[in-house]
Structures are given as structure tokens and as C-alpha cells.
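The values are calculated or read from the model by the stated rules, or taken from the named source; none is laboratory data. Being a predicted model, the structure only gives us computed values, none of them experimental. All Cβ positions, even for glycine, are placed from backbone atoms using ideal geometry, and neighbour counts span all protein chains on display.
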Amino acid sequence: MSGEAVIRQYLEAISTFDTEALAAIVAEDASIQVPFAPPGMADRHEGRAAILELVGGYGQMIDTLNLTVTEVEALARPDEYVALYQSDAWIKPTGLPYKNFYIARFTLRDGQVLRHVEYLDTLVMATALGATISMPGAG
């Protein structure tokens, strides 16, 4: 399977919270990193078990992420990729839409995801979760 196919399969498994499919393509020592995670959200998840627990818990907040992958590009270093994708979901507790855009860097090893570093708009996440954001002086 190509690197692009692995990444697309991985994101599809995350999108639908399919931990069985995810377990097959995540390395035992994999990690997910979210460098700009908002307060209250872990910025790092280490190991297959932690990743499966994280993704398995998404269903409590969201019906499905409905991720759409728009681009996957191989980098110069072998087994390194960048992907662009977006979500189209609803947050269960708030009933608000969650439509975010992501850019992520992936490292693969032996046909499995070893590292997933994800950048997302945390203001979109915060407002979908019910936060109100206003500019100082705005009416």
C-alpha cells in the first residue's frame, strides 16, 4: 500500500472512530501531537493503546468527523508526508457545527503511522464547544 493510501485509510478510521481498522495501521509506539492544543486538551498521545482510547472516545462528543482529505504530499525525506483535510461534524452536547481545517505531518514506518502532528484552528473548536469569543470594544 502506498504512503498516501495508508494516510487516507488512517484518517478514514479516525473519521468514523473505527478503532479496529486504526489498530491495524498505527504502530505500537505511535504518537499523535497537537502542538497548539487548547487548554483542557492533551497535546500529546503516546502509544497505540492511548491513540485507540482517544479515538474511541470521540463518539461521546461527535457522531462522526466526516473528514475529507483534500491533499496528501510526500516530502523529500522517505516516509514523511503532509496532508490537508477538513471536518464536517456536529458537537453532541452543544448541537453546534464543527467544520475545521487541518494540516498534518505524518511519519510512516513499515506501512504504519508512527507519528501524526496535527495543526487545527482551535477557535473553531472552542466555538463549536460553546465558547463565545469577542473582540475588545466590539459591540
Could you tell me whether region 82-93 includes any residue that is surrounded by fewer than 14 Cβ atoms within 10 Å (Cβ to Cβ) and among the hydrophobic types (A, V, I, L, M, F, W, C)? no
Of the conditions (1) over 20 Å from T122 (Cα atoms); (2) surrounded by fewer than 19 Cβ atoms within 10 Å (Cβ to Cβ), V6 clears all except one; give me its number. (2)
Filtering region 102-116 down to residues that are surrounded by fewer than 16 Cβ atoms within 10 Å (Cβ to Cβ) and touching a Leu at 6+ places or on another chain (Cβ under 7 Å) yields I103
Could you check region 112-136 and list, in sequence order, the residues that are in contact with a Ser or Thr (Cβ under 8 Å, 6 or more places away or on another chain) and not charged (D, E, K, R)? V113, L114, H116, A128, L129, G130, I133
Qualifying positions in region 3-27 - charged (D, E, K, R) and within 12 Å of L108 (Cα to Cα): E4
What is the residue count in region 25-46 for residues that are at pLDDT below 95 and either loosely packed, with under 14 Cβ neighbours inside 10 Å or more than 22 Å from V82 (Cβ to Cβ) (or both)? 6
From L22, L75, L67, residue being buried (at least 17 other Cβ atoms within 10 Å of the Cβ), at pLDDT 95 or above and either touching a Lys or Arg at 6+ places or on another chain (Cβ under 8 Å) or more than 30 Å from A131 (Cα to Cα) (or both): L22
Mind checking whether some residue in region 42-56 is touching a strand residue (DSSP E or B) at 6+ places or on another chain (Cβ under 7 Å) and within 21 Å of A5 (Cβ to Cβ)? yes
